[in-house]
Amino acid sequence: MNGTIGVIERYKEFLPVNARTPMISMGEGSTPLVKSTNIGPSVGCDNLYFKLEGCNPTGSFKDRGMVMAIAKALEGGRKRVICASTGNTSASAAAYSARYNLQAFVVVPSGEIALGKLAQAMAYGARILAVDGNFDDALKMVRDLSTELSIELVNSLNPYRLEGQKTASFEISDALGDAPDMICIPVGNAGNISAYWKGFNEYRIDEQISKLPRMMGFQAAGAAPIVKGEPIHEPQTIASAIRIGNPASWDKAVAARDESEGDIDAVTDAEIIEAYIRLARDEGIFCEPASAASVAGLIKLAAQGQQFEEMKVVCILTGMGLKDPTTVENHALVELEYVEPDVDQVAALLSK
Ligand code: F0G
């Protein structure tokens, strides 16, 4: 693996790249695929891997798609980009815009995005519009604004976003030597599950892989429109990244589910937090709550009797834990032990 080139250069023959497309990069992609030490064996899955998308430059998988969308915006001579976001898309749009001299407008649901993500958009210098509404309201607004003001929309409605994001399925296949048997992935606006499925299909057609994985998507129970089969007007979940009631790529996600003989199910906030803490305590992986929905889903499948023998399963850990310090503070249940700088006293305390 080459961590110094980005996804456009690495996978250009599978991407909408032409002679005028700038081969930009911030070193996105080539993220680790790490084998589980504890969770996998505990659920009877000896070949469980985690794709650590939090290792991307802005700490989430969004960078894969954003680099492609920004490259195409630059190719088209655009000067401004806009997106609605639960936080990660805005962080990524702001970063790539800063680097390539575009102005970024980000629209976020007021008071609903994790602190670290807001900090990122602020640091990168985006213009931040906090809308009194939820993500679905924000997305509707930016769709209209992008047309009205002729600003490039960089949400996953922009097809270049999914093109970039599909590179994760290439990396997983390259690393394992073939496609895995199953992908467990969180579902919010439903772009990422659709992008993975597109990627696996293209790799299969190109005979890079011999089979296709089952796509298992997981929504948060309070924000599970695809599971329920209807939009949710006031989606609720602790996993703010996937607090979405009317996903833009709904149809594509359903196609990925059905064509792969997979499923899209819901996991509760309690299950998400349990998986989130287990990932940190049992695997040393600190991801954000939405990412842990993939592992919560795997644990749920195991509890329902799914057998994983001989199967290679990959859970996609979409974003890194530091983005959401509030959730860990509220749920890790760790008390600081305040001590004097006195070796004898501390030694006595630690020997108890
Ligand atoms: N995990 C994380 C950490 C996310 O930020 C998102 C989406 C998802 C999973 C779900 O992916 O939307 O493609 O189904 N975040 C978007 C955002 C909505 O604005 O950052 P999806």
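Which one, Ser85, Ser291, Ser36, has the greatest fluctuation when you compute a Gaussian network model over the chain with C-alpha springs under 10 angstrom? The residue that fluctuates most here is Ser36. Divide the volume of the convex hull around the Cα atoms of region 113-209 by the residue count and you get 136 Å³ per residue.
For region 49-136, what does the alpha-carbon gyration tensor say about shape, rounded, prolate or oblate, given a ≥ b ≥ c as the root eigenvalues, a/c under 1.5 as rounded, and a/b over b/c as prolate? Because a/c hits 1.5 or more and a/b fails to exceed b/c, region 49-136 counts as oblate.
How many nm is it between the label spots at Ile205 and Glu337, if each spot is 7 Å from the Cα in line with the beta carbon? For the pair Ile205/Glu337, the computed spacing is 5.9 nm. Note on region 30-79 and region 258-332: Cα centroid distance 15 Å, given to the nearest whole angstrom.
Going by the alpha-carbon gyration tensor, a ≥ b ≥ c the square roots of its eigenvalues, is region 1-155 rounded (a/c under 1.5) or, if a/c is not under 1.5, prolate (a/b greater than b/c) versus oblate? Working shown, then result.
Working: a/c = 2.27, a/b = 1.30, b/c = 1.75.
Taking the square roots of the gyration eigenvalues as a ≥ b ≥ c, region 1-155 is oblate.
If I take every Cα pair under 8 Å that is 6 or more residues apart in the chain, average their sequence separation and divide by the length, what percent do I get for the relative contact order? Write down the numbers at each step before the final one.
Numbers: 737 pairs, mean separation 67.9, N = 352.
Result for the chain is 19 percent.
Overall, the accessible surface of region 200-352 at a probe of 1.4 angstrom is composed of carbon and sulfur to the extent of 49 percent. Note on the chain: helix-only mean residue ellipticity at 222 nm, from DSSP H runs of 4+ residues weighted -39500 (n - 2.57) and normalised by residue number, equals -12500 deg cm²/dmol. Sort region 208-298 into rounded, prolate or oblate with this rule: let a ≥ b ≥ c be the square roots of the eigenvalues of the Cα gyration tensor; rounded if a/c is under 1.5, and if a/c is not under 1.5, prolate when a/b is larger than b/c, oblate otherwise. Verdict is oblate for region 208-298.
If you count, for each residue, the other Cβ atoms within 10 Å and average over each peptide, how do 91-103, 262-274 line up from highest to lowest? Write down the numbers at each step before the final one.
Values: 91-103: 22.8, 262-274: 20.1.
Result, highest mean first: 91-103, 262-274.
Please work out how much length the chain gains when fully extended from Glu9 to Gln304, using 0.36 nm per residue of separation minus the C-alpha to C-alpha distance, in nm with one decimal.
On the way: separation 295, 0.36 × 295 = 106.20 nm, distance 4.21 nm.
Stretched out fully, the Glu9 to Gln304 stretch lengthens by 102.0 nm.
Surface composition of region 102-177: carbon and sulfur atoms hold 52% of the protein heavy-atom accessible area at a 1.4 Å probe. Think of a 1.4 Å ball rolled over the protein heavy atoms: the chain then has 43 Å² of accessible area per residue. Ordered by 1.4 Å accessible area with all protein chains kept, Lys352, Lys211 run largest first as Lys352, Lys211.
Shown are Glu13, Glu112, whose ranking by accessible area with a 1.4 Å probe and every protein chain present, most to least, is Glu13, Glu112.
Loop-located GluC sites (Glu not before Pro) in region 175-260 (DSSP state not H, G, I, E or B) with no more than 11 neighbouring Cβ atoms inside 10 Å: Glu207.
Residue separation times 0.36 nm, minus the C-alpha to C-alpha distance between Asp144 and Ala348: what's the value?
Numbers: separation 204, 0.36 × 204 = 73.44 nm, distance 6.46 nm.
Between Asp144 and Ala348, full extension yields an extra 67.0 nm.
Per-residue surface analysis assigns Asp136 an accessible area of about 30 Å², computed on protein heavy atoms at 1.4 Å probe radius.
The values are calculated or read from the model by the stated rules, or taken from the named source; none is laboratory data. Computed from a prediction, not measured in an experiment: that's the story for all the values here. Cβ: placed from backbone, ideal geometry, glycine included. Neighbour counts: every protein chain shown. We work out accessible area using only protein heavy atoms, side chains counted, and drop any ligands, DNA or RNA first. Shrake-Rupley method; radii C 1.70, N 1.55, O 1.52, S 1.80 Å.
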